[in-house]
Amino acid sequence: MATPIGNLRDITLRALDVLRDVDTVAAEDTRTTRGLLSHHGIASRLLSLHEHNERDRIEQVAGLLMAGRDVALVSDAGTPAVSDPGARLVRELRERSFRVVPVPGPSAATAALSVSGEENPHVLFYGFLPSRSAARRKALQGLRTLPFTLVFFEAPHRVAECVEDLREVLGGARRVSIARELTKLHETVHACALAEAPAWLARDYHEKGEFVLVVGAGEVSRADSGEESEKVLRLLLREMPVSRAAELAAKITGDNRKALYRRALELKDTAGG
Ligand code: SAM
């Protein structure tokens, strides 16, 4: 179940009911969760469940459920199993036919996306990129041409080098929203071109705090999608008439049918001549 990403009041009424009513709250860090529970006057029993003991805890949680008890799973902040422990436990419990339900609420990813101003409805939530630059750049190469808004988590001590790699691999023209310390005292959301982001980060110790980076889809993807359409169109033209090929290519690639039709005629002419 989701818990706040900063502001302790960002918790749903249902989440408070569940935290109060369950027999055990499995928590990534019991001290953090104890603070949250105390803030809301809740004294439920806590069980630590973090990335190093998740496997061992599965039997214990399954045992509690078998005995008819209810268990809530929380991480330090936001939604568990979203770049946080919990997925393995959830999968394992489901496989054993236990009922697992979400108690939705805050997540840094959706909070950052909601104030990014990116209109593209297609979003790729990546989580954390690799910590080493070479691996990070390689991962970014794989994302470069995707026509999606990209959402990344990043640790404060790596955010500057990460933004530098984003600029180099994705290009300085793409827009980035740097969402820092959301819902907290020093909350800042700054949107600029990737080319300007390193200089902004270097000012005023902005590298402190927690960060989400939201990168808008770039022109690059459109150019590459043009290449893709061309390939699809050429293949289809070998098998069918121009208008049918244009129609199918538009359906496959999502590109404009009339533009594809014009291009198909050109290709046919060239081939014919
Ligand atoms: N499961 C969590 C969620 O749903 O929000 C995310 C956990 S992940 C281990 C932690 C990362 O989330 C941080 O490194 C940062 O990138 C992002 N994050 C968490 N809280 C944040 C906040 N208040 N402001 C900005 N980013 C935050």
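The values are calculated or read from the model by the stated rules, or taken from the named source; none is laboratory data. On a predicted model such as this, the values are computed, not experimentally measured, just so you know. With ideal geometry, Cβ positions are generated from the backbone for all residues, glycine too; neighbour counts draw on all protein chains shown. What goes into the accessible areas is simple: the full protein's heavy atoms, side chains included, and nothing from ligands, DNA or RNA. Shrake-Rupley method; radii C 1.70, N 1.55, O 1.52, S 1.80 Å.
Structural remarks
- Candidate set: region 144-164, residues that are part of a helix (DSSP H, G or I) and open to solvent by 10 Å² or more (accessible area, probe 1.4 Å); chosen: the one nearest to the ligand (Cβ to nearest atom): Pro156
- The combined condition, being open to solvent by 30 Å² or more (accessible area, probe 1.4 Å), assigned by TED's automatic domain parsing to the domain that holds Leu146 and away from the ligand (no atom under 16 Å from the Cβ), is not fulfilled by Arg257.
- Residue count for region 128-143 under the criterion of being open to solvent by less than 50 Å² (accessible area, probe 1.4 Å), more than 17 Å from Ser177 (Cβ to Cβ) and in a loop (DSSP other than H, G, I, E, B): the result is 1.
- For region 106-153, filtering for residues that are over 19 Å from Ala217 (Cβ atoms) and in contact with a Lys or Arg (Cβ under 8 Å, 6 or more places away or on another chain) leaves 2.
- The residues of region 1-23 that are crowded, with 19+ Cβ neighbours inside 10 Å and among the hydroxyl-bearing types (Ser, Thr, Tyr) amount to a single one, Thr3.
- Looking only at residues of region 90-105 that are away from the ligand (no atom under 16 Å from the Cβ) and not charged (D, E, K, R), we find that the one that is least open to solvent (accessible area, probe 1.4 Å) is Leu93.
- Answer from Ala67, Ala81, Ala87 - the residue that is aliphatic (A, V, I, L, M) and on the phi > 0 side of the Ramachandran plot: Ala81
- Candidates in region 39-89 are the residues that are open to solvent by less than 70 Å² (accessible area, probe 1.4 Å) and polar (S, T, N, Q); of these, the one that is farthest from the ligand (Cβ to nearest atom) is Ser44.
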